[in-house]
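Note sheet for the following structure.
No lab work stands behind these numbers, since they all come straight from the coordinates. What you see is a predicted model, and the numbers here were worked out from it, not measured in a lab. Reconstructed Cβ throughout: ideal geometry from the backbone, glycine too, with neighbour counts over all protein chains shown.
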Amino acid sequence: MKTGLMFVKLVNPCSGEGAIYLFNMCLPQLFEVKVFKEKNHSWFINESVQSGGLLHFATPMDPLFLLLYYLIKADKEGKFQPLDQVVMDDMFPNCALLLKLPELEKLLRHVTEEKEIDKKKYYKYSKEKTLKWLEKKVNQTVAALKTNNINVSARVQSTAFFSGDQVSSDKEEDYIRYAHGLISDYIPKELSDALSKYLKLPEPPAAVPNPPSKPFSGTNLKSRTSPELAALYSQTSWWKTRSSGSRKASDRLFS
């Protein structure tokens, strides 16, 4: 802990299962830990070859996604509650570390309604505000995809079999659909479906009845490669913009 780095197990806001995260307690700052694994991979260490060449890398993560998970869960009670009573988890007690992150109240305004009683803040999940915030996240991700010249049409279309005339160059809808898929990795499925409707995404085109023996080559929507993710995180991370120090907190979140 001398370095201020701490690996903790917290809830995955999409699946509800446990996942490893990294806290920088000095800043403080939250990172998610990703594992890049190839079937045949090893490391050269000195003059020996070590098998099992997993690559772990940490990328800055917007903590609001994790807070959102608990806010949605607490909303079942239908009342305003103090944040320390919302962010509680017997399975993942380290979730309390989220309450130590900076500018927390400003972040919560994007996804909650709040009241103040006797100088104490109470919060309640707002689906309307959350969808607006997620729409901005999608637009932010679309901009990053375009900036990094990442082709998305093949990835969107590879989820089904398409005839030749259906496979086309990148369209705005493809960017939005792919960005929606990325954001959906950090929110519950019910909210992901609601976001899809909010974005007015049409249903995917019907698949060809008799697909060829070899499926259309491309990366599945859920099988994004680490270079793509690294490029996107470098563009879309709220924490990256936080260090600039020249913008207002509300601007940093959506830069």
Listed peptides 122-132, 189-199 by packing density, highest first (mean Cβ within 10 Å): 122-132, 189-199
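What net charge do the residues around Ile72 carry, taking every other residue with its C-beta under 9 Å from that of Ile72, with Lys and Arg at +1 and Asp and Glu at -1?
Taking every Cβ under 9 Å from that of Ile72, the sum is +1.
Among the trypsin sites (Lys or Arg not before Pro) within the stretch 61-105, which fall in a DSSP loop and have no more than 16 other Cβ atoms within 10 Å of their own Cβ?
In loop regions of the stretch 61-105 (DSSP not H, G, I, E or B), the sparsely surrounded trypsin sites (Lys or Arg not before Pro) are Lys79.
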With 22 Å as the limit, write out which pairs from Lys9/Lys136; Lys9/Lys121; Lys106/Lys127; Lys79/Lys115 have Cα-Cα distances beyond it, or answer none. Lys9/Lys136; Lys9/Lys121
Counting other C-beta atoms within 10 Å, and keeping those with at most 12, which DSSP coil GluC sites (Glu not before Pro) do you find in the stretch 1-79? Glu17, Glu38, Glu47
